[in-house]
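Colleague: Can you keep this structure in mind? I'll have questions shortly.
The values are calculated or read from the model by the stated rules, or taken from the named source; none is laboratory data. Computed from a predicted structure; not experimentally measured. Every residue, glycine among them, receives a Cβ derived from its backbone with ideal geometry; neighbour counts consider all protein chains shown.
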Amino acid sequence: MAVRKGIEVSLAVAEAAAACDVDCIAAYPITPQTHIVEHLSELVNDGELDAEFIPVESEHSAMSCCCGTAAAGARTFTATSSQGLALMHEILFIAANLRLPIVMTVANRALSAPINIWNDHSDIMTERDAGWLQIFAENGQEATDMVPICHRIAEDKRVLLPIMLNFDGFIVSHVVEPIICLDKEEIATFLPIYEPQQRLDIDHPITMGPVGMPEVYTEAKMAHEAAVQNSYEPICEILEEFGKQFGRTYKPVETYKTEDADIVYIMMGAAAETAMSWVDKVRDSGKKVGIVRFRLWRPLPVKAFKEAVKGFKVLCVVDRHFSPGGAGGPVAQEVKYMLYGEENAPKVVEVVAGLGGRDLDYDAFETMYDKCKKVLDGGEVPPFELIQARGGHYGKI
Amino acid sequence: MEKFNVFASRLLPKEDYVCSGHRACQGCAEALAMRLVHKALGRNTIAASATGCMEIISSPYPETAWNIPWLHVAFENSASVGSGIESGLKALMRKGRIPKRKINVIAYGGDGATADIGLQWVSGAMERGHNMLYVCYDNEAYMNTGIQRSSATPLHAATTTSPAGKTIGGQQTWKKNVPEIMVSHNIPYVATINPSYPFDFMRKVKKAAEIDGPAYLHAYSCCPTGWGSRPELGIQLGRLAVETGAFPLYEVEYGKYSVQEKVEEFRPLKDYVKLQRRFRHLTDEQINASQERLKQEYALLLKKEQMSKEGD
């Protein structure tokens, strides 16, 4: 029976992975992900989880090992953050193109330098092109629920892709929250035993990871693109099914108080929850603001997003990463890509904020609001701005 | 040596799991070694290859030379991939998802993938105690990318990144001793193998597979393209490498050394180097100095063997 208990989110996520009866976990310690794999190794060593825990010598090795376990046909789970994700970079692309249904939680953390263990989205946004499915959870309950959902999506015969489950490092990972933890029996009714489509089987030998000459490389990439795009419908179905079964329904794109909004914030991750509290507060003073949050980031839910922002005047995209010397933040770039050429498209104000653990507080949302209000009142759309920087606090670059 | 007939195909298993039609160069002893490994291991085997010659020659899609399940992920990490396969099978067998039976898991890497870029991955897989084999094909340079030096390239050998220049003549460092590094991991089995000695080769591969726990095999692999040797001389070069002391054959089982094809009297190293263009620039003095060092290393190896016997 599901119990609601006060538990650190990392531990709840680990217990969810154990309740999914994962077969193999290959992992390497990195803050702020470590509690997840620590707890999994505890569960294995206490005999509560029948799995191979492989304490590898680096994150690169963790992802390499996961390729091996998944290719052997085992349900595979791992977790990482920041530098660890960056070290895996090379193998992420390979795992995706080998169509190995690995589930990886990423406790999002800033990339060095300077070295910083706190939260932003620079680790995950630099891996946008890896070909994995990517989901962002906002809170502990969602992060915990997403573990069986992610396994179910990744292993669905119509999908067969690895999936990254993102949640904010420390802000979500290390917080003790009241969480409804599903037990193994309940999860088993939602997540069947994994039956791989193809695996390394001595009775049916296959060659995995062959050389792709120029004659076939493009076709391989096209097949991969089709697989990621076509995963959208199964993802929606699975999210809905989870909702029906357990009463918590998650959608690829969520909205908050957008019905009559003029200015809508585009966000993802835990900061969106702070923003929702801020919206509640300022709505009383007449500021017509709302929030649209991405839960699904890959495949990019283009249709659902367009639907969600239709008719608004100004969008404020809050990025937690940016491309120095480039076109600003990744979320804003993709939002603009989705809106380009649309009739009566909203104007897009881009801010980069909340880097390396800098609090995204009400002040920050007020600053963003002031920028957006000027645009709403007919002002020009300013270039992307990195707010919250001292020495020109909230100033332009 | 020239009189010795080593071609004894009648005595080898007929089945091939790395099939003909692959794209290796003429006289490639690495492909020969890979074929012998799989003759010894049989069909209940899963292989993980590192990026390199053996990977590209055997798997240009839609062709494959592999008659067993095979996986290639990247260059430096085949040991990790292999350890994952082993762990996956172990978990699935324990949980009753696949039939319980003995399956050999083997990971491959060239000398670059083993001694240089992948040393950490090999070390990790061996240290963790997976029941798997790791085979390093040592052709003493990065042949797949066009003959660049690795830390396993022998002293003075010319490669494209250690050329025989006017002031600096070839590789300036002594060959890294990877088998000794693996012995230091206290794994059950480490051995050097050489396809010019097919029976010793296959005996060691079988032993490595039978032993419970990690086993490391280091395979001498003549590369005619990279070494500038005639393709038909591969077997002869392999035997000369042993007879000159350049590549001693030995095994270390639970820390106990034993030396095979023992050399009573060393053939002159010159007999070996003169057949290879990579050593063309060497002076007699340099050859003699190398020969002396090889002799010293061989003497040390024999002492280790002696000590292993005394320890019994």
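Colleague: Every residue in the range A:199-220 that is of a type outside the set (Phe, Trp, Tyr), surrounded by fewer than 14 Cβ atoms within 10 Å (Cβ to Cβ) and more than 7 Å from chain B (Cβ to nearest Cβ), please.
Modeller: Passing the criteria: A:ASP203, A:HIS204, A:PRO214, A:GLU215, A:THR218, A:GLU219, A:ALA220.
Colleague: I would also like to ask the following. Which fully enclosed strands (runs of 3 or more DSSP E) of the range A:15-88 have 1 or more residues being touching a Lys or Arg at 6+ places or on another chain (Cβ under 7 Å)? Can you show your working first?
Modeller: Values: elements: A:24-27, A:52-55, A:76-80.
Strands (runs of 3 or more DSSP E) meeting the threshold: A:52-55.
Colleague: Does at least one position in the range B:274-296 carry a residue that is within 19 Å of the chain's Cα centre (by Cα) and closer than 25 Å to B:MET126 by Cβ?
Modeller: No, that holds for no residue.
Colleague: Here's something else I'd like to know. Considering only the range A:237-253, I want to know if a residue exists there that is charged (D, E, K, R), within 14 Å of chain B (Cβ to nearest Cβ) and either touching a Ser or Thr at 6+ places or on another chain (Cβ under 7 Å) or under 20 Å from A:PRO101 (Cα atoms) (or both).
Modeller: no
Colleague: Given the conditions (1) on the phi > 0 side of the Ramachandran plot; (2) within 9 Å of chain B (Cβ to nearest Cβ); (3) without any contact (Cβ under 8 Å) to a residue 60 or more places away in the chain, which single one is not true for A:GLY73?
Modeller: (3)
Colleague: Given the conditions (1) more than 18 Å from the chain's Cα centre (by Cα); (2) within 14 Å of another protein chain (Cβ to nearest Cβ), and given that A:THR78 satisfies all but one, which numbered condition is not satisfied?
Modeller: (1) is the only condition that A:THR78 fails.
Colleague: Buried (at least 17 other Cβ atoms within 10 Å of the Cβ), at pLDDT 95 or above and of a type in the set (Lys, Arg): is that true of B:LYS256 in this structure? Talk me through it step by step, then tell me what you get.
Modeller: Details: buried (at least 17 other Cβ atoms within 10 Å of the Cβ): no; at pLDDT 95 or above: yes; of a type in the set (Lys, Arg): yes.
Criteria not met by B:LYS256.
Colleague: Can you tell me which residue among B:THR145, B:THR64 is more than 7 Å from chain A (Cβ to nearest Cβ), surrounded by fewer than 23 Cβ atoms within 10 Å (Cβ to Cβ), among the hydroxyl-bearing types (Ser, Thr, Tyr) and within 25 Å of B:PRO224 (Cα to Cα)?
Modeller: Sole residue among the options that is more than 7 Å from chain A (Cβ to nearest Cβ), surrounded by fewer than 23 Cβ atoms within 10 Å (Cβ to Cβ), among the hydroxyl-bearing types (Ser, Thr, Tyr) and within 25 Å of B:PRO224 (Cα to Cα): B:THR145.
Colleague: Ok, one more. I'd like the full set of residues that are assigned to a helix (DSSP H, G or I) and touching a Leu at 6+ places or on another chain (Cβ under 8 Å), limited to the range B:254-275.
Modeller: B:LEU269, B:ASP271, B:TYR272, B:VAL273
For every residue, the table says whether it meets (1) touching a residue at least 24 places away in the same chain (Cβ under 8 Å); (2) at the interface with chain B (Cβ under 10 Å from one of its Cβ atoms).
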| residue | (1), (2) |
| --- | --- |
| A:ILE36 | yes, no |
| A:HIS39 | yes, no |
| A:GLY47 | no, no |
| A:GLU52 | yes, yes |
| A:SER58 | yes, yes |
| A:SER61 | yes, yes |
| A:CYS67 | yes, yes |
| A:GLY84 | yes, no |
| A:ILE91 | yes, yes |
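Colleague: Follow-up question, since we're still on this one. Consider the range A:235-261. How many of its residues are among the polar types (S, T, N, Q) and either closer than 16 Å to A:GLU186 by Cα or assigned to a helix (DSSP H, G or I) (or both)? Reasoning before the result, please.
Modeller: As a first pass, look at the range A:235-261 and keep what is among the polar types (S, T, N, Q): A:245, A:249, A:255, A:258.
Filter again for either closer than 16 Å to A:GLU186 by Cα or assigned to a helix (DSSP H, G or I) (or both), leaving A:245.
Residues that pass the stated criteria total 1.
Colleague: Does the range B:82-122 hold any residues that are surrounded by fewer than 18 Cβ atoms within 10 Å (Cβ to Cβ), at the interface with chain A (Cβ under 9 Å from one of its Cβ atoms) and in a helix (DSSP H, G or I), and which are they?
Modeller: B:ARG94, B:GLN120 - these are the residues of the range B:82-122 that are surrounded by fewer than 18 Cβ atoms within 10 Å (Cβ to Cβ), at the interface with chain A (Cβ under 9 Å from one of its Cβ atoms) and in a helix (DSSP H, G or I).
Colleague: Next up: Suppose we filter the range A:31-48 for residues that are crowded, with 24+ Cβ neighbours inside 10 Å and hydrophobic (A, V, I, L, M, F, W, C); how many remain?
Modeller: Of the residues in that region, 3 qualify.
Colleague: Still on this structure, I have one more. Of the residues that make up the range B:25-40, is at least one under 16 Å from the mean Cα position of the chain (by Cα), more than 9 Å from every other protein chain (Cβ to nearest Cβ), buried (at least 22 other Cβ atoms within 10 Å of the Cβ) and closer than 19 Å to A:HIS204 by Cβ?
Modeller: Checked the range B:25-40: at least one residue is under 16 Å from the mean Cα position of the chain (by Cα), more than 9 Å from every other protein chain (Cβ to nearest Cβ), buried (at least 22 other Cβ atoms within 10 Å of the Cβ) and closer than 19 Å to A:HIS204 by Cβ.
Colleague: For the structure I just gave you, tell me whether A:VAL147 is assigned to a helix (DSSP H, G or I), touching a helix residue (DSSP H, G or I) at 6+ places or on another chain (Cβ under 8 Å) and surrounded by 24 or more Cβ atoms within 10 Å (Cβ to Cβ).
Modeller: For A:VAL147, the condition - assigned to a helix (DSSP H, G or I), touching a helix residue (DSSP H, G or I) at 6+ places or on another chain (Cβ under 8 Å) and surrounded by 24 or more Cβ atoms within 10 Å (Cβ to Cβ) - is met.
Colleague: Out of everything in the range B:125-136 that is more than 19 Å from B:HIS72 (Cβ to Cβ) and assigned to a helix (DSSP H, G or I), what residue ends up being nearest to the other protein chains (Cβ to nearest Cβ)?
Modeller: Selected residue: B:GLU127.
Yes/no matrix, rows are residues, columns are (1) hydrophobic (A, V, I, L, M, F, W, C); (2) surrounded by 15 or more Cβ atoms within 10 Å (Cβ to Cβ); (3) under 24 Å from A:GLY73 (Cβ atoms); (4) within 13 Å of the chain's Cα centre (by Cα):
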site: A:ASP129; (1), (2), (3), (4): no, no, no, no
site: A:ASN139; (1), (2), (3), (4): no, yes, no, yes
site: A:CYS181; (1), (2), (3), (4): yes, yes, no, no
site: A:SER231; (1), (2), (3), (4): no, yes, yes, no
